[in-house]
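The values are calculated or read from the model by the stated rules, or taken from the named source; none is laboratory data. If you're wondering where the values come from, they're calculated on a predicted model, not measured in any experiment. A quick note on method: Cβ atoms are made from the backbone with ideal geometry, for glycine too, and the neighbour counts reach across all protein chains shown.
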Amino acid sequence: MMIERKRSVKDIFLIMILCVLTVIFLIPMFLVLMNSFKSRLFVSTQPFSFPNAQTFVGFENYINGLTTSGFFMAFLRSVWITVVSVVIIVIFTSMTAWYIIRVNSKFTKSLYYLFVFSMIVPFQMVMYTMTFVVNTIAFNNVFGIILVYLGFGAGLAVFMFTGFVKSIPVEVEEAATIDGCTPLQTFFMVVFPMLKSITITVAILNVMWIWNDYLLPYLILGESQKTIPVAIQIAMQGAYGATDYGGFMAMLVVAIIPIIIFYISSQKYIIKGVISGAVKG
């Protein structure tokens, strides 16, 4: 009886802590939403106050932001870069992880540690060299940046896929080979469908990273081929450094809506995939 009571008190305390952390996490998002309906003059002076008759401007910030930022072209460009990059990252890194586990040689072990090491190196250490190389080989476009994202995203993806591939019985692949499957057929018809949970996890993490990324598109694409974060920053920056914070907040709300919908619809796979990769790795 005492043990159950202690466990109940512990659970209640844990739930309270989680509720407090949830509120703390949601406060910045609520402030962005609330300030998106205020006049630009009051966002910086009264950021924590609710909109009233004096400060409320309705959807004016949203209309101004959408019409001045080139949002729709930036949205299409961001969708293209995000979707294609994630698809390529998932396919190439899952095949690489499968190769590393099944071959299991000194070369593949060295290759694995090379991918892990790439996760440790900060982006700031290589961004200037990377920008020079990308510009030199004419990769500074919406196609070249996809390969750059593949390079930066491969480390974590290979690490996660490798942990999950270890759990797949090799006998399943041997049976497919006996039935006449080539290595590519074995991977795409047998192995890859079994990687569903970790694949969705890798996809979600990379979607959130690439969709919200500002620095890499700005360095590679510049202002001529703007993605959503770059378009918002440039459009809302006025003369002499004055920023339209109302429009900035409104565009932030619009920009995060797709990623929130995508995350909520797929969040159950994140925990499942991460746990599977961690435990079985």
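Every test in (1) surrounded by 14 or more Cβ atoms within 10 Å (Cβ to Cβ); (2) within 30 Å of G222 (Cβ to Cβ); (3) touching a Phe, Trp or Tyr at 6+ places or on another chain (Cβ under 8 Å) is passed by V32 save one, and that test is (3). Is at least one residue of segment 49-60 in a helix (DSSP H, G or I), surrounded by 10 or more Cβ atoms within 10 Å (Cβ to Cβ) and not β-branched (V, I, T)? Yes.
Kindly indicate which of V172, V190 is of a type in the set (A, V, I, L, M, F, W, C), modelled with pLDDT under 90, exposed (fewer than 15 other Cβ atoms within 10 Å of the Cβ) and farther than 27 Å from I259 by Cβ.
Values: V190 fails: exposed (fewer than 15 other Cβ atoms within 10 Å of the Cβ).
Only one candidate qualifies: V172.
In segment 106-130, the residues that are within 20 Å of M160 (Cα to Cα) form Cβ pairs under 9 Å with partners that are basic (K, R), at six or more places apart or across chains, as follows: T108/R102.
Among the listed residues I146, I101, I81, identify the single one that is over 23 Å from V207 (Cβ atoms) and either surrounded by fewer than 19 Cβ atoms within 10 Å (Cβ to Cβ) or touching a residue at least 60 places away in the same chain (Cβ under 8 Å) (or both).
Working: I146 fails: over 23 Å from V207 (Cβ atoms); I81 fails: over 23 Å from V207 (Cβ atoms).
The unique qualifying residue is I101.
Of the residues in segment 220-236, at least one is in a loop (DSSP other than H, G, I, E, B), more than 16 Å from the chain's Cα centre (by Cα), free of Cβ contacts under 8 Å to residues at least 60 places away in the same chain and surrounded by fewer than 16 Cβ atoms within 10 Å (Cβ to Cβ).
Going by the conditions given, is G273 surrounded by 18 or more Cβ atoms within 10 Å (Cβ to Cβ) and modelled with pLDDT under 80? Taking the combined requirement at face value, the residue satisfies it. For F248, the stated conditions hold: it is part of a helix (DSSP H, G or I), modelled with pLDDT under 85 and either buried (at least 18 other Cβ atoms within 10 Å of the Cβ) or more than 25 Å from the chain's Cα centre (by Cα) (or both).
Of these, V32, V43, which one is among the aliphatic types (A, V, I, L, M), within 31 Å of the chain's Cα centre (by Cα) and under 19 Å from P229 (Cα atoms)?
Working: V43 fails: under 19 Å from P229 (Cα atoms).
After applying the criteria, what remains is V32.
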